[in-house]
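Values quoted throughout were computed directly from the atomic coordinates according to the rules given, and no laboratory measurement underlies them. Everything numeric here is computed off the predicted structure, so don't read it as measured data. Note that we place each Cβ from the backbone using ideal geometry, even for glycine, and neighbour counts take in every protein chain shown.
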Amino acid sequence: MPPRRIWLSIVFAVGFALSAWADEPAPAAGANPADLKKILKSTADHGKFKELEGPFASGPDVTKRCLECHTEAAKQVHRTKHWTWEFLNPESKQRLGKKNVINNFCISVPSNYGFCVTCHVGYGWKDANFDFTSETNVDCLVCHDTTGSYKKIPGRAGHPAYEEMEVPPGSGKKIKPVDLVKVAQNIGKTSRDTCGACHFFGGGGDGIKHGDMDSSLAAPDKALDVHMDATGNDFSCGTCHQTSAHDVPGSRYQPTAADRDGAHIRGKADKTNPATCQSCHGATPHKEEARLDSHARKIACQTCHIPSIARGGVPTKTSWDWSTAGQKGPDGKPLIKKDAKGHVIYDAKKGDFTLAENLVPEYMWFNGKVNYTLLGDKVSKSDGITRINWFEGSADDANSLIWPVKVFRGSQPYDPVNQTLVTPHTAGDDDTSYWKNFGWEKAIATGMASVGAPFSGKVDFVKTEMVWPVTHMVAPKDKSVRCIECHQQDGRLQHVGGIYIPGRDHVRLIDLIGFALAGLTLLGVLGHGALRYLSHRK
Amino acid sequence: MQRIYIFKRFERFWHWAQALLVIFMLASGFEIHGLYKLFGFKHAVQYHTVAAWSLIGLWVFAIFWHFTTGEWKHYVPTLDKLDAVIKYYLTGIFRDAPHPFRVTRLQKHNPLQRLAYLKVKLLINPLIWITGVLLLFYADWPAWGIGRLQLGTVAVLHTIGAFLMLIFLIVHVYFVTTGHTPLAQIKAMITGWDEVEDEQPAAAK
């Protein structure tokens, strides 16, 4: 740019900025920008409520205060999976939910309540006798904290630290008590941080379980998540998981695999899942390439728009072999092995792990129906791999789309005599917990007794697989999966059957015959030409 | 030798545009089929689609032209002299025998050509077109009431059409060289003027 033009641009830019500033409405009397932000955010400043001045002895004490105004809030929460950890699948009639399912990560909740319920939206669930009708035991703060200082402590049945304590005991790591007054007075909407406090850390640590959710989504850049981009769209989880009456939609127990209903419109009574891509983008979102809209009739948005998971620098676990747990190091202490980057790949408490970053998902037909192998269902080693859960779907099914999934593979204890999966008692400072005593028989006996399930006393290990739908970490469109990545042999969709994919699929015989005939034709005309040439030369 | 004007301006444009489009579509089509990398899959599909619509547009004009000018009559099959023409290409051509068929403005294609071009027009082209258009709109099949049609079947038929076209192209390009000089026929298709033997060769020479 010539210097004259640069100067002109600067003059215009400054002038424009000044005029914009002049147009700004005069701030309300006495309101500085910080106050104004607060005023516009909510009609109530919880910091001004006498009820929240404290002191509070415990979480439930705060909840009591919350319920004085929000009289129906606890009743709303009571109706949700976040509270009950139970979900009755209306189609398969399977009783699911965290309380009931068995997975191939930490395996199962029963007999481990004190630890697992660190992610329960309540207080005091330490055993099977928890009172699910208690309103004061609803934990409002864990979802509505805005200070980042409220943390539920493992082993305390869902309570945070009320006094200074060592966590885990004997580790020397001191945890300061939470300032409940400060947390209560700064209450606000849910955020990536509050949801993430549990959902980023599923499976016992950052990014372990999902792969498409980990702490890197607390403040992602655009490349990691085009919607949650902290300096751009800045979506919270609730922007998509649009919640009413505390019941957060978008559960993977009964997901919406194919949303054919199109975009939700204000004022229209939409009963469908608001967390699908289509609920905002509609069913035909591709402006430039109509062909991509045709693709969307058979392919989930996520398949092309989430090229890989665990993209934010946090690896996700890809396999977990419980059968190797229990090894001791040369020092006689439970062994821990780490990879070059410092990630644990063997832990005596848990066995061997494999981890991956930038993991390319696997793909399968999915119609939203998920089945589980539950406690009591027959499991046998001769079946090969036991499917912890499996997705229904096929190319012929109009409600099926090709979905990206994370398949988590493992090996976990089962009862070879009764032929069932088992619920080991893993966590706890007692005589039978596996993580303290390293004895499977005792741990499983305790766990199975806690749910009244039979246990033969014999332990063996079965190979297992669990499928997780991939739906987060949506990349910007220029980073989406390229055509050729599926339209080739050995491409991303190489194992997806029942459909013809140009570039991937050939009828070998047709190609062979086609080229053979073309080749013979070419030889024929060349021979004919050669004969002509030779006969004319004579 | 006598010069006659047998390929009119539109006909020549149609021929060469079609030739380019067909060759281009073979190249991009076999890339889409996964045989090699040339334009990249995405571009191959885009270009193939644009070329397809261009060819369809060209054909709409060509069909109109054939029927309004009566040129369609050049493709009516005939058995007259067919065996002689076949025999010429099998033996006579090597002995410098005269071609049994004489090009005139009323009969510009020999009986073998008539059959070959008719096969292209009535078999290969419709096969490629119908399957190709179906492939372009595969997502709409259920709405069209043909949802039971299998994508793989249509794609295989399209591929068979492509191979037939490839074979036609090879033969066609070769036969171009069989005029009284190797370049005579291509020259005719460029300029429109063909040189044909006089009715009484001795007198003309």
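Here's how it looks for A:Gly122: its modeled amide H is under 5 Å from those of A:Asp139, which are all 5 or more places away or on a different chain. In chain B, which whole DSSP H runs stretch at least 15 Å along their own axis (Cα) and average 0.5 or higher on the Kyte-Doolittle scale? Going by DSSP H runs, the hits are B:9-32, B:41-69, B:125-136, B:151-176. Placing +1 on each Lys and Arg Cβ and -1 on each Asp and Glu Cβ, with no other charges, gives region B:2-204 a dipole about its Cα centre of roughly 180 debye. Remark: the protein assembly as shown carries a charge dipole of roughly 2240 debye about the Cα centre, counting +1 on each Lys and Arg Cβ and -1 on each Asp and Glu Cβ. Highest mean packing first, where packing is the average number of other Cβ atoms within 10 Å per residue, the peptides A:384-395, B:101-112 line up as A:384-395, B:101-112.
For region A:130-144, backbone phi angles converted through the Karplus equation (6.51, -1.76, 1.60; θ = phi - 60°) give residue-by-residue couplings of 4, 8, 6, 9, 6, 7, 6, 7, 6, 9, 6, 5, 4, 9, 9 Hz, Gly and Pro being listed as x.
For peptide B:146-156, compute the average count of partner chain beta-carbon atoms within 10 Å of each residue's beta-carbon. Walk me through the numbers on the way to the answer.
Details: counts 0, 1, 0, 0, 2, 7, 6, 2, 1, 7, 7.
Mean partner-chain Cβ count within 10 Å for B:146-156: 3.
Toward the positive end of the charge dipole of the protein assembly as shown, with +1 on the Cβ of Lys and Arg and -1 on the Cβ of Asp and Glu, the farthest Cα among A:Phe200, A:Trp468, B:Leu134 is that of B:Leu134.
Find which of A:Gly114, B:Gly92, A:Thr432 sits farthest along the positive direction of the dipole of the protein assembly as shown, computed with +1 on the beta-carbon of Lys and Arg, -1 on that of Asp and Glu, about the Cα centre. Positive-most Cα among the choices belongs to B:Gly92. Note on A:499-512: average number of Cβ atoms from other chains within 10 Å of each residue's Cβ is 5.
Over region A:104-220, Cα pairs under 8 Å with separation of 6+ residues give a relative contact order of 23 percent. Here the gap between A:Asp293 and A:Phe438, fully extended at 0.36 nm per residue and compared with their Cα-Cα distance, gives a gain of 46.8 nm.
Sequence-distant contacts, meaning Cα pairs under 8 Å at least 6 residues apart, place the relative contact order of chain B at 30 percent.
Please rank A:Asp247, A:Asp431, fewest neighbouring Cβ atoms within 10 Å first, as an exposure proxy. All intermediate terms of the calculation are to be shown ahead of the outcome.
Details: A:Asp247 14, A:Asp431 10.
Going from sparsest to densest Cβ surroundings: A:Asp431, A:Asp247.
Counting beta carbons within 10 Å around each of A:Ile501, A:Ile444 and listing the fewest first gives the order A:Ile501, A:Ile444. With a/c under 1.5 counting as rounded, go ahead and sort region A:316-485 into rounded, prolate or oblate using the C-alpha gyration tensor (a ≥ b ≥ c being the square roots of the eigenvalues; past the cut-off, prolate if a/b is larger than b/c, else oblate). Oblate, because a/c is 1.5 or more while a/b does not exceed b/c. Along the charge dipole of the protein assembly as shown, pointing to its positive end and built from +1/-1 on Cβ of Lys, Arg, Asp and Glu, which listed residue (A:Gly232, B:Gly34, A:Ala518) has its Cα farthest out? It is A:Ala518, whose Cα lies furthest towards the positive end. Each Cα pair under 8 Å and six or more residues apart adds its separation to the average, and for chain A the resulting relative contact order is 13 percent.
Using a 10 Å cut-off on Cβ to Cβ distances, tally the other chain neighbours for every residue of A:296-305 and report the average as a whole number. Before the final figure, lay out each step's value.
Numbers: counts 1, 4, 3, 0, 0, 0, 0, 0, 0, 0.
If you average over the peptide's residues, the count of other-chain Cβ atoms is 1.
To make sure I understand, if each residue's beta carbon is the centre and we count other beta carbons within 10 Å, what order do B:Glu195, A:Glu164 fall in, fewest to most? Each step should come with its number before you reach the end.
On the way: B:Glu195 16, A:Glu164 9.
With the fewest neighbours first, B:Glu195, A:Glu164 line up as A:Glu164, B:Glu195.
Kirkwood hydrodynamic radius of the protein assembly as shown, from the reciprocal of the average inverse Cα-Cα distance over all distinct pairs: 32.3 Å.
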